[in-house]
Amino acid sequence: MKYHVKETKDLTEAEIKHILELWDISAWNTMKSSYFRSFFKDSEFHFLMDADESILAIMRVNFDFTLQIENTSYTFAEAVGLVAAHKKKGYGAALVNNFKENVIQRNLETIGFCHSDLRPFYEKCDIEILHDKARMIKESIGSEWVNSEDDDILIFHTSQKRKELLNRLSSQNNAYLITKE
């Protein structure tokens with residue numbers, strides 16, 4: 001198994017097709033490669049591949065992720081879209097371990113999110129989890145601010161100060177996801 005990191009512009013047509021198949025999001029199933037590259041331009045892709053260069057597991061890093069907390073904006077790298085080609089073979093866990101090492105080496109402030117039912121997986125991968133803190137993040141939907149659907153914040157690598165800031169989130173101290181217009 002080999003670990004690879006690729007920028008969006010460096011993905012092959014076949015890799016994009018395979019990524020979309022693995023993600024299996026109906027709205028994206030017909031996405032063309034050129035649109036994919038534009039849509040995910042602020043991303044990089046982390047892969048675990050077999051000897052034949054087939055994707056065993058994938059994760060995307062979104063570099064366009066900013067939270068406003070206590071009137072200050074904090075930019076993080078956001079780990080999203082983790083999926084393994086085959087379940088229960090350890091590929092997802094192996095990718096998470098390689099990914100965590102990568103962001104630590106690069107000193108990249110990186111967080112992710114999950115539902116509570118995925119806690120055991122991330123605990124097994126030795127990822128620090130801030131339980132029930134993701135719900136304290138508000139996202140703009142139309143003209144309303146609604147709570148995130150995720151439960152937990154995953155700490156892949158971040159400063160102690162930022163971790164404490166995220167851990168202090170509460171219903172009286174929300175974070176707001178800032179999106180570009």
Based on this model, can you work out whether GLU101 counts as of a type in the set (D, E, K, R), closer than 16 Å to LYS2 by Cβ and over 12 Å from the mean Cα position of the chain (by Cα)?
yes
Is there any pair with a first residue in segment 1-20 that is in contact (Cβ under 8 Å) with a residue 12 or more places away in the chain and β-branched (Val, Ile, Thr) and a second that is buried (at least 16 other Cβ atoms within 10 Å of the Cβ) and in a helix (DSSP H, G or I) whose Cβ atoms are under 7 Å apart and which are 6 or more apart or on different chains, and what are they?
VAL5/ASN102; THR8/ARG37; ILE16/PHE36
Residues of segment 37-59 that turn out to be in a strand (DSSP E or B) and under 15 Å from TYR3 (Cα atoms), as a count
11
Going through segment 150-172 in order, the residues found to be in contact with a strand residue (DSSP E or B) (Cβ under 7 Å, 6 or more places away or on another chain) and not charged (D, E, K, R) are ILE153, LEU154, ILE155, PHE156, HIS157, THR158, LEU165, LEU166, ASN167, LEU169
Restricting attention to segment 110-131, report how many residues are open to solvent by 50 Å² or more (accessible area, probe 1.4 Å) and at negative phi.
10
With ASN62, ASN71 as the choices, which residue is more than 18 Å from LYS2 (Cα to Cα) and at pLDDT below 95?
ASN71
Filtering segment 18-33 down to residues that are assigned to a helix (DSSP H, G or I) and either in contact with a His (Cβ under 9 Å, 6 or more places away or on another chain) or open to solvent by 90 Å² or more (accessible area, probe 1.4 Å) (or both), which residue is farthest from ALA79 (Cα to Cα)?
SER26
Quick one: what pairs do we get from segment 24-53, first residue under 18 Å from PHE65 (Cα atoms) and in contact (Cβ under 8 Å) with a residue 12 or more places away in the chain, second open to solvent by 70 Å² or more (accessible area, probe 1.4 Å) and not β-branched (Val, Ile, Thr), C-beta under 7 Å, 6+ apart or different chains?
ARG37/LYS9; ASP42/PHE63; SER43/PHE63; GLU44/GLU7
Here's a check for you: in segment 66-76, which residue that is touching a residue at least 60 places away in the same chain (Cβ under 8 Å) and either assigned to a strand (DSSP E or B) or among the hydrophobic types (A, V, I, L, M, F, W, C) (or both) is most open to solvent (accessible area, probe 1.4 Å)?
SER73
Do the conditions hold for PHE40, that is, is it open to solvent by less than 40 Å² (accessible area, probe 1.4 Å) and modelled with pLDDT of 95 or more?
yes
Among (1) closer than 21 Å to PHE113 by Cβ; (2) open to solvent by 20 Å² or more (accessible area, probe 1.4 Å), there is one condition SER54 misses while meeting the rest; what is its number?
(1)
Take segment 142-181 and flag every residue that is touching a Phe, Trp or Tyr at 6+ places or on another chain (Cβ under 8 Å) and open to solvent by 90 Å² or more (accessible area, probe 1.4 Å).
TRP145
Contacts under 7 angstrom Cβ, first residue in segment 115-133 being farther than 15 Å from PHE99 by Cα, partner open to solvent by 50 Å² or more (accessible area, probe 1.4 Å), 6 or more apart
ILE129/GLU123; LEU130/ASN167; LYS133/ASN167
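The values are calculated or read from the model by the stated rules, or taken from the named source; none is laboratory data. All values reported here derive from a predicted model rather than from experimental measurement. Note: ideal-geometry Cβ built from the backbone for every residue, glycine included; neighbour counts use all protein chains shown. In case anyone asks, the SASA skips ligands and DNA or RNA and just uses the protein heavy atoms, side chains included. Shrake-Rupley method; radii C 1.70, N 1.55, O 1.52, S 1.80 Å.
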